[in-house]
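Below is one structure, written out as C-alpha cells, with a few remarks after it.
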Amino acid sequence: MDYIIGIDVGTTSTKALLYDTDGHIYAKANKGYPLYQDTPDMAEEDPDEIFNATVSALQEVTGKAKDGQVIAISWSAQQHSLIALDKDFKPLTRSLTWADNRSGKYAADYKENGRGFDMYKRTGLPVHPMGPFYKLLYFKNEQPDIFNQAAYWVGIKEYIIWKYTGVLKEEISMAAATGLLNMKTAKWDDVALKEVGVKREQLPELVDTTDKFQGIKSEYAKVIGLSKDVYFVMGATDGALSTIGVGAIETGVLAINIGTSAAVRTFVDKPRVDPKGRLYCYPIMKGKYLIGGPINNGGIVLNWAHDSLFGGEQEAAKLLNIDSYDMLSKIAATVPAGADGLIFHPYLGGERAPLWDANARGSFFGLNRKHTRAHMIRAVLEGIMYNLYSVTLALKEVTGDPKAILAAGGFARSTLWTQMMADIFENDIIIPESYESGSLAAMFLAKMALGMEDNLGDIKKYMGKETIYKPNEKVFARYRKLIPIYLRLSRDLSKEYKDIADYQREFTDDDE
C-alpha cells in the first residue's frame, strides 16, 4: 500500500497525518514547540526546534506505514514568517511569526503616507506588521548588522524543506503572503524589493503549489524511515489549504477556520482589491486567488481564558477524567445568548482583520455585579465570533453575500461554539466530517502533483459526511442588538489603543 503524509507546520505545533491514496487516515502525530515573547511585541520561534518537531512527527506516523511505503510528503505551513540565513544557510535569527509586531511603526508610517495602500494594490498584503515586507524594514533600520549579513530571506517552510533536501524553493501562495510578490504576475515585485532593499537572488526560486521533487538527505530518510525516492510536494499556506480542505472552492462559498488564530476566506478568479484595505488577496494557483481576513485572536484567546480564569476547574476536570475545555463549554452553556449584556473584545495580541491595528487590546464591556465567570467565558466565545462576523461583513462588501459557509478547526468539535456561530451569522454552518482540513488538502495536492487527481473540486469525495447547524431564531434579537455595540466600541476604542499599548511597553516589568 502507498501512503501520503500531509504535514502542517503551525504556530504552536506541527501536525502530521498519514493517509492512504484513498484518503483514509492511518496515523496522526502532533508535536509542540515554544513561542518566545520576551517583550510585548515579540513573537518568535526557533526554526530548528520546529524542524526537530517535524522529524519527530514524521517519524511517528511513518512508523505506522507497516505494509507499504510513503511516496510523498506534502506541506502546509503558517504564513508571514521570516528568517535571515547566512551564506551557509545557517539562521541568523529565530523565525519571526505573523504575531510579531516589532515592525509596527513602519507599517504605521506606510499607512499614514499612503505608500502602504499602493503596496497593497500591488501585492495584496494589507498594511500590518505581520507582513515580511514590514519585518524587513524593521531589520534594515533597527538591526542593520543582521540585515547586511543576511544572504537569504526565507519563511519557516522553505527553511525546513531546505534542511531536508538542500533545495531552496518557495511556492506562490507562501510567497504572496510576504508582501514581496506581485499578485497579478505571481512574480517577485521589483517595486517591493526596492522598497525593502532585498535582491531577487536573496529569495527562493518561485514554483507552483504542486511542484514536486526527490532528494531527501540520507541521514533524515534513515532516522524517519523514509525511502530516498519519497517526493516532497511544496503544498501551500495553511490558509489556502484549510479553505480547499473544507471544499470552499467556488467564489462566494466562505471557509471559516478557528485554530490558534482564525480567518474567513473565499476564492475568486482574479485579483480583487478592497478599497478600504481590510482584506488580503493572494494568488494560489492558476485562476485561484484567495481573498479574506485573518484574525490574530482565535483559539489562543480561549486558551488564555482557560488558563487565567479557570485554573481550579482544570483540576476538577482531571479528577472527573473529562476534558477541561469541554467543561468550559458546559459552564458557558449555563448562560443565555448574549451573556446578559457582557461583551468581550478579544484583541489580546493586537489584531489583523478587520482593524489592522497591532496596538489593539482586549477588554470586557458592560460588566456588572450579576456577571460571573460563566458569563465571562460565554462572552469570550461570543467575542471571537463577533470578530469573525465583522470580517465577514467586510468580505461581503467585496465579493457579495455568501452562498454557503463551511467551517473547520478544533472549535468545530464544540456543539456550543458551532451553534453560536450559526446564531450570530444567522446562517447555516456546514461542518465536514474531516476537520483536519489543511492536512487533507495537502494530501490532495500531492495526489494532483503525482497525477492521481486533476480536478480541485474532487477533494469533496474525501471529506466525509457533513453536519449542518441551523440558526436559532429565538436568539437573533439578542445578537442583533449586541453586535452593533461591539462594532462601535472597536472603532471608538481605537483612539486609545496606542496609548495603552505604549504604557504597557514602558511599564512592563520583565523581572516580575
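The values are calculated or read from the model by the stated rules, or taken from the named source; none is laboratory data. Predicted model only: the values in this text are computed from it and were never measured. Every residue, glycine as well, gets a Cβ built from its backbone with ideal geometry; the counts of neighbours run over all protein chains shown. For the accessible areas, the whole protein counts, side chains as well, though only heavy atoms, and no ligand, DNA or RNA atoms are used. Shrake-Rupley method; radii C 1.70, N 1.55, O 1.52, S 1.80 Å.
For Gly383, the conditions (1) on the phi < 0 side of the Ramachandran plot; (2) at pLDDT 95 or above; (3) touching a helix residue (DSSP H, G or I) at 6+ places or on another chain (Cβ under 6 Å) are fulfilled apart from (3).
Got at least one residue in the stretch 340-350 being more than 27 Å from Arg265 (Cα to Cα) and surrounded by fewer than 21 Cβ atoms within 10 Å (Cβ to Cβ)? Break it down into steps so the answer makes sense when it comes.
Filtering the stretch 340-350 down to residues more than 27 Å from Arg265 (Cα to Cα) leaves 340-342.
Applying the additional criterion that residues be surrounded by fewer than 21 Cβ atoms within 10 Å (Cβ to Cβ) yields 340-341.
Among the residues of the stretch 340-350, at least one is more than 27 Å from Arg265 (Cα to Cα) and surrounded by fewer than 21 Cβ atoms within 10 Å (Cβ to Cβ), which makes the answer yes.
Looking only at residues in the stretch 1-18 that are in a loop (DSSP other than H, G, I, E, B) and not polar (S, T, N, Q), the one that is most open to solvent (accessible area, probe 1.4 Å) is Met1. Considering every residue within the stretch 98-107, establish whether at least one is farther than 26 Å from Gln37 by Cα, of a type in the set (S, T, N, Q) and either at pLDDT below 95 or open to solvent by 10 Å² or more (accessible area, probe 1.4 Å) (or both). No.
Considering each residue of the stretch 16-23 in turn, none proves to be of a type in the set (A, V, I, L, M, F, W, C), closer than 30 Å to Pro129 by Cβ and in contact with a helix residue (DSSP H, G or I) (Cβ under 8 Å, 6 or more places away or on another chain).
Tally the residues that are aromatic (Phe, Trp, Tyr) and over 24 Å from Ser227 (Cβ atoms), restricting the search to the stretch 1-39. Can you show your working first?
Looking only at the stretch 1-39, we keep the residues that are aromatic (Phe, Trp, Tyr), and these are 3, 19, 26, 33, 36.
Imposing the further condition that a residue be over 24 Å from Ser227 (Cβ atoms) reduces the set to 33, 36.
Total meeting the criteria: 2.
For the stretch 435-449, residues that are over 23 Å from Ala412 (Cβ atoms), touching a strand residue (DSSP E or B) at 6+ places or on another chain (Cβ under 6 Å) and open to solvent by 10 Å² or more (accessible area, probe 1.4 Å) total 1.
Go through Lys163, Lys157, Lys212, Lys169 for me and flag whichever is of a type in the set (Lys, Arg), surrounded by 14 or more Cβ atoms within 10 Å (Cβ to Cβ) and touching a Pro at 6+ places or on another chain (Cβ under 7 Å). Walk me through it before giving the result.
Values: Lys163 fails: touching a Pro at 6+ places or on another chain (Cβ under 7 Å); Lys157 fails: touching a Pro at 6+ places or on another chain (Cβ under 7 Å); Lys212 fails: touching a Pro at 6+ places or on another chain (Cβ under 7 Å).
None of the other options fit; the residue is Lys169.
Residue-by-condition table, conditions (1) among the aromatic types (Phe, Trp, Tyr); (2) touching a residue at least 60 places away in the same chain (Cβ under 8 Å); (3) crowded, with 16+ Cβ neighbours inside 10 Å:
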| position | (1), (2), (3) |
| --- | --- |
| Ala175 | no, no, yes |
| Asn182 | no, yes, yes |
| Leu203 | no, no, yes |
| Asp208 | no, yes, yes |
| Lys217 | no, no, no |
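For the criterion of being open to solvent by 10 Å² or more (accessible area, probe 1.4 Å), of a type outside the set (Ser, Thr, Tyr) and within 24 Å of Asp211 (Cβ to Cβ), Gly410 fails. Evaluating Ser173 against the criteria (1) in a loop (DSSP other than H, G, I, E, B); (2) polar (S, T, N, Q); (3) under 21 Å from Ala441 (Cβ atoms) leaves one unmet condition, (1). If you go through the stretch 63-92 and keep only what is crowded, with 24+ Cβ neighbours inside 10 Å and polar (S, T, N, Q), you end up with Ser74, Ser76, Gln78, Gln79, Ser81.
Filtering the stretch 94-124 to residues that are in contact (Cβ under 8 Å) with a residue 40 or more places away in the chain, touching a helix residue (DSSP H, G or I) at 6+ places or on another chain (Cβ under 6 Å) and assigned to a loop (DSSP other than H, G, I, E, B) leaves only Arg102. Restricting attention to the stretch 453-507 and to residues that are outside any helix (DSSP H, G or I) and among the acidic types (Asp, Glu), the residue that is surrounded by the fewest Cβ atoms within 10 Å (Cβ to Cβ) turns out to be Asp454. Of all residues in the stretch 219-253, those satisfying the criterion of being of a type outside the set (Gly, Ala, Ser), surrounded by fewer than 24 Cβ atoms within 10 Å (Cβ to Cβ) and closer than 26 Å to Thr418 by Cβ are Ile249, Glu250, Thr251, Val253. Condition check for Ile284 on (1) assigned to a strand (DSSP E or B); (2) open to solvent by 10 Å² or more (accessible area, probe 1.4 Å); (3) at pLDDT 95 or above; (4) not charged (D, E, K, R): one failure, at (2).
Answer with yes or no whether Ala305 is closer than 30 Å to Pro34 by Cβ, at pLDDT 95 or above and crowded, with 18+ Cβ neighbours inside 10 Å. Working first, answer last.
Working: closer than 30 Å to Pro34 by Cβ: yes; at pLDDT 95 or above: yes; crowded, with 18+ Cβ neighbours inside 10 Å: yes.
Yes: the conditions hold for Ala305.
Only helices (runs of 4 or more DSSP H) whose full extent lies in the stretch 299-342 are considered here, and the ones with at least 2 residues that are over 26 Å from the mean Cα position of the chain (by Cα) are 311-320, 324-332. Can you tell me which residue is surrounded by the most Cβ atoms within 10 Å (Cβ to Cβ) among those in the stretch 19-36 that are in a strand (DSSP E or B) and in contact with a Ser or Thr (Cβ under 7 Å, 6 or more places away or on another chain)? Result: Lys31.
Candidates Gly311, Gly349: the one that is in contact (Cβ under 8 Å) with a residue 40 or more places away in the chain and not basic (Lys, Arg) is Gly349. Farther than 28 Å from Asp357 by Cβ, part of a helix (DSSP H, G or I) and in contact with a Pro (Cβ under 7 Å, 6 or more places away or on another chain): is that true of Ala422 in this structure? Considered against the rule, which asks whether it is farther than 28 Å from Asp357 by Cβ, part of a helix (DSSP H, G or I) and in contact with a Pro (Cβ under 7 Å, 6 or more places away or on another chain), Ala422 comes out as yes. Which residue pairs have Cβ atoms under 6 Å apart, sit 6 or more places apart or on different chains, and have a first residue in the stretch 368-389 that is over 26 Å from Ala263 (Cα atoms) and a second that is crowded, with 22+ Cβ neighbours inside 10 Å? Final answer for the pair search is His371/Leu342.
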